[in-house]
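For reference, the structure is listed below as C-alpha cells.
The values are calculated or read from the model by the stated rules, or taken from the named source; none is laboratory data. Only a predicted model underlies this, so the values are computations on that prediction, with no experimental measurement involved. Cβ atoms come from the backbone with ideal geometry, glycine included; neighbour counts cover every protein chain shown. The area values use the complete protein model at the heavy-atom level, side chains included, leaving out ligands, DNA and RNA. Shrake-Rupley method; radii C 1.70, N 1.55, O 1.52, S 1.80 Å.
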Amino acid sequence: MKLPMFIVDAFTATAFRGNPAAVCLVENTLDEDSHQHIAREMNLSETAFIRKLQPTDNFTQSSRFGLRWFTPESEFPLCGHATLASAAVLFHKMKNTNNTLTFVTMSGELKARRAEDGIVLDFPLYPTSPQDLHEVEDLIKAAIGDTLVQDIRYSPDTKNLMVRLSDSYNRSFLETLKVNTEPLPRIEQTGKVKGLILTLKGEPGGRTPQYDFYSRYFAPWVGVAEDPVTGSTHTILGPYWSEELGKKEMRAFQCSRRGGELDISLRPDGRVDLKGGAAIVLEGTLTV
C-alpha cells in the first residue's frame, strides 16, 4: 500500500521553525498496528492520519474527515500542531474547496478554517485547578531544580501539570533553562501526569513583537522530551492567562529551540480559537 505523506512545520510561516508533524492521507482502511509503526518510523512528536469517513468522500471536496494522532510511543487524544498541519495539507496541497474543515477525533469534533494569515483551529477549553505543591514537589524539583515557582495548576482532562515560574524571570531565562526530563516518568508513575508545562508572564515593553505569555512543554511519559510548539497546551494556558491578565485576545510564544507563535482568542461559547501559520517542507509517498 502506498500512502501520501507530508511533513509540515506548524505555528510558523518559516520552514525549519515551529513544530514539525507528519501527515498521512489514508484512502482505505489502515490496520491499527500500522498507525503506530508509521509514527515510530517518522519519529516526530506527532504523526497525523486523515481518513475518509465515507467511501464516496474525497480529499478535495469533502469537509469532514476522521483524524488521529500518534507519538512514536502511543496514540494521543489531542494535538494542535498536527491538526493545523493536517488542515494545511488539505487546503494547500489537496486544494480542498471548503473554507472550514471538521475533524472527527478522540476529543470530539474540531474545526479548522482558513484565515488571511494562517489557519484558525476551533478547540475546547480545559480548566485547571490549584495543585498542592507537596504532591508534585519531587517532580518539579527533578525537572527544574531550585527555580522559583509562582503558581501550580493541574488539568485533569489533559493530565497536564502547569508550573508558572516567578515573574522575576524573563524570556531569556525560560529559553535557556535546563530541564531534566529523563527521570520524570520514574518519579510520576501513577498516570496522573502525562505532560509538564512551564509558563511565564510576558514582558511589557520588551521584545518586538510583544507576547502576553511564554511557555515550554515536556512529555517524556509519551516519548516526547520537549515539544517545539504545542497547540493543545494553549487550551489550558489560554483560560489561565486570560484570567490572570484580564484579556480575551492574546499572543503567545513557545520558547523551544525552534520556537513558534500562536494567536489566542477565547470565545463566549466556552471554546478557543488558536491561529497559526504552516510551512509544508516535504511531500512524498510511504510504502507500507
- Query: Does the range 131-153 contain at least one residue that is open to solvent by less than 40 Å² (accessible area, probe 1.4 Å) and in contact with a Ser or Thr (Cβ under 6 Å, 6 or more places away or on another chain)?
  - Reply: no
- Task: Tell me, yes or no, whether the range 278-287 has at least one residue that is touching a Leu at 6+ places or on another chain (Cβ under 8 Å) and buried (at least 19 other Cβ atoms within 10 Å of the Cβ).
- Result: yes
- Message: Condition (residue is open to solvent by 10 Å² or more (accessible area, probe 1.4 Å), assigned by the TED database to the domain that holds Q189, among the acidic types (D, E) and out of contact with any Pro (no Cβ under 8 Å at 6 or more places or on another chain)) applied to the range 102-112: is it met by at least one residue?
- Response: no
- Query: What is the number of the single condition among (1) of a type outside the set (A, V, I, L, M, F, W, C); (2) under 23 Å from L198 (Cβ atoms); (3) in contact (Cβ under 8 Å) with a residue 60 or more places away in the chain that D117 does not meet?
  - Reply: (2)
- Message: Can you find a residue that is buried (at least 19 other Cβ atoms within 10 Å of the Cβ), acidic (D, E) and not assigned by the TED database to the domain that holds G18 anywhere in the range 209-225?
- Response: yes
- Evaluate the range 177-191: report whether one residue or more is part of a loop (DSSP other than H, G, I, E, B), of a type in the set (A, V, I, L, M), open to solvent by 10 Å² or more (accessible area, probe 1.4 Å) and without any contact (Cβ under 8 Å) to a residue 40 or more places away in the chain. yes
- Taking D57, is it assigned to a loop (DSSP other than H, G, I, E, B) and without any contact (Cβ under 8 Å) to a residue 24 or more places away in the chain? yes
- Message: Just the residues that are crowded, with 19+ Cβ neighbours inside 10 Å and of a type in the set (G, A, S), please, taken from the range 245-263.
- Response: A252, S256, G260
- Does T235 count as in a loop (DSSP other than H, G, I, E, B) and assigned by the TED database to the domain that holds I152? no
- Query: Do the conditions hold for L200, that is, is it outside any loop (DSSP other than H, G, I, E, B), open to solvent by less than 40 Å² (accessible area, probe 1.4 Å) and out of contact with any Pro (no Cβ under 9 Å at 6 or more places or on another chain)?
  - Reply: yes
- Which pairs do you get when a residue that is more than 30 Å from T102 (Cα to Cα), found in the range 124-142, comes within reach of a residue that is open to solvent by 20 Å² or more (accessible area, probe 1.4 Å) and among the hydrophobic types (A, V, I, L, M, F, W, C), reach meaning Cβ atoms under 7 angstrom, with the pair 6+ apart or on two chains? D138/I187; L139/I187; I140/V149; A142/I187
- Can you name every residue in the range 84-100 that is in contact with a Ser or Thr (Cβ under 8 Å, 6 or more places away or on another chain) and closer than 11 Å to V23 by Cβ? M94
- Identify the single condition in (1) open to solvent by 50 Å² or more (accessible area, probe 1.4 Å); (2) under 30 Å from M1 (Cα atoms); (3) out of contact with any Lys or Arg (no Cβ under 9 Å at 6 or more places or on another chain) that L53 does not satisfy, given that it satisfies every other one. (3)
- Residue that is of a type outside the set (D, E) and within 19 Å of the chain's Cα centre (by Cα), where the choices are L165, L198: L198
- Counting only residues that are touching a helix residue (DSSP H, G or I) at 6+ places or on another chain (Cβ under 8 Å) and outside any strand (DSSP E or B), which one in the range 248-265 is farthest from S215 (Cα to Cα)? K248
- Message: Can you confirm whether L67 is surrounded by 14 or more Cβ atoms within 10 Å (Cβ to Cβ), within 23 Å of R113 (Cβ to Cβ) and within 22 Å of the chain's Cα centre (by Cα)?
- Response: yes
